[in-house]
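Reviewing the structure listed below.
Derivation of every value follows stated rules applied to the coordinates shown; laboratory data play no part. As the structure is a computational prediction, the values presented were derived from the model and not from experiment. All Cβ positions, even for glycine, are placed from backbone atoms using ideal geometry, and neighbour counts span all protein chains on display.
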Amino acid sequence: MATLEELRKQLDTIDDQIVHLYEERMRVCEAVGEYKVQSGKKVYDQTREKAKLADVASKVSGEFNKKGVQELYEQLMSMSRKLQYRQLVQAGALGRLPFIEVDSLEKETARVVFQGTEGAYGQAAMKHYFGENCNCFHVHTFRDAMEAIEDGAADYAVLPIENSSAGSVVEMYDLLEEFENYIVGETIIPITHTLSGLPGAKLTDLKKIYSKGIALMQASHFLDEHADWQKISVVNTAVAAKKVLEENDPTQAAVCSAYAAQVYGLEVLADHINNEKDNYTRFIIVTNQKIFLKKATKISICFELPHESGSLYRILSHFIYNDLNMSRIESRPMEGKSWEYRFFVDFEGNLANPAVKNAIRGLREEARNLKILGNY
């Protein structure tokens with residue numbers, strides 16, 4: 001019986017042959033890529049690849065080896081495609097992405113919309129990004145804001161997309177896919193909830209607490225200490241503050257920001273009542289123009305995939321191959337298609353970068369309905 005060292009030497013000899021054959025295969029793949037550059041033929045030929053996988057599987061024995069050789073050839077063909085995508089990009093075959101690079105956004109003359117009402121966290125985020133004196137107005141829903149910029153009533157919208165404790169604002173992902181609006185910036189603000197009531201109100205007299213559902217959840221530890229209080233959900237925290245002011249009832253209070261309490265003349269009865277003391281919300285800046293800042297470092301995209309084994313794995317390999325750091329992935333069910341999903345991905349990069357162009361080329365070929373949501 002051979003020793004372990006002898007067996008390893010046999011493997012080394014076989015591996016040397018595999019490495020040599022791999023390089024020989026890639027040289028042929030490069031020639032195939034040159035042909036496709038000249039002829040305009042698509043890189044990804046799904047019919048050909050499926051036939052190839054069936055063919056190699058038929059040449060080995062045993063189910064384990066059949067599955068293994070198919071996985072091996074999936075990787076070999078994936079590397080071939082990536083090489084050919086790079087050749088196409090180098091030849092200028094990617095074409096111009098429909099996004100225009102700009103040095104800066106026109107903040108001083110812009111008209112900005114935010115969702116909510118006076119005193120909302122969205123207004124605070126807007127002022128943080130555009131300045132205290134920006135020309136702005138507010139609307140009732142996220143959809144209203146997206147329609148306002150699509151119709152040209154506003155140049156930019158400021159909308160929440162993620163909270164550090166509550167997670168993603170899933171509605172925003174659906175709206176980004178639906179509307180022809182694009183992310184051009186982001187801003188992150190701390191979310192610090194207070195319990196605020198009418199001037200002179202006392203905690204011992206309170207009966208009803210109003211706020212947005214997610215804010216009530218984020219302050220649940222404090223609120224649960226007062227089991228007799230009725231918690232009532234409203235559209236947002238600023239609406240809650242406004243309601244307490246308008247109803248002029250000292251037994252009512254709102255979970256809202258100190259900014260909203262100031263706007264509506266309320267008194268802070270308890271400060272920093274968040275469960276999580278480090279609580280932040282990320283807001284995106286959206287416009288109807290396909291533009292991106294020269295200094296942009298993050299790209300958001302969405303795409304659909306066939307409902308089959310390995311489809312997401314194969315798509316994500318484009319980020320790995322091009323050394324692109326993926327920072328976030330979300331999935332949303334597709335309307336009318338059971339068990340099929342649309343994926344939303346954030347990754348580091350700039351649309352002018354060759355590695356990004358190469359990755360997008362591959363993603364366009366192999367995913368369904370790829371949409372670039374913005375570079376910011």
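Per-residue ellipticity at 222 nm computed for the chain from its helices equals -13500 deg cm²/dmol, with DSSP H segments shorter than 4 residues left out and the rest contributing -39,500 (n - 2.57). Only Lys, Arg, Asp and Glu carry charge here, each on its Cβ (+1 for the first two, -1 for the last two); on that basis segment 197-270 has a dipole of about 200 debye about its Cα centre. Cross-link partners of K66 among lysines, defined as those whose alpha carbon lies under 21 angstrom from its own and excluding same-chain residues fewer than eight positions apart: K50, K52. With a threshold of 30 Å on the Cα-Cα distance, the over-threshold entries among K36/K295; K243/K371; K107/K277; K208/K277; K127/K277 are K36/K295; K243/K371; K107/K277.
Of all aspartates and glutamates in the structure, those lying under 13 Å Cα to Cα from K42, and not within fewer than 8 positions of it along the same chain, are E34, E365, E366.
For GluC sites (Glu not before Pro), the sites in segment 37-113 that DSSP calls loop and that have at most 15 other Cβ atoms within 10 Å are E106, E108.
Taking θ as phi - 60° and the Karplus parameters 6.51, -1.76 and 1.60, the scalar couplings of segment 30-46 work out to 4, 5, 4, x, 4, 4, 5, 4, 6, 8, x, 6, 5, 6, 8, 10, 5 Hz in sequence order, x denoting glycine and proline.
Candidate values [x] 165; [y] 132; [z] 208 were compared with volume of the Cα convex hull per residue in Å³ computed on the shown model; the agreeing label is [z].
Sites listed here are trypsin sites (Lys or Arg not before Pro) in segment 166-226 whose DSSP assignment is loop and whose Cβ has at most 13 other Cβ atoms within 10 Å: K202, K207. Structure remark: mean-square fluctuation, Gaussian network model of the chain, C-alpha springs under 10 Å; the largest value among S233, S168, S39 belongs to S39. The protection proxy used here, the mean number of other Cβ atoms lying within 10 Å of each residue, ranks peptides 357-368, 18-29 as follows, highest first: 357-368, 18-29.
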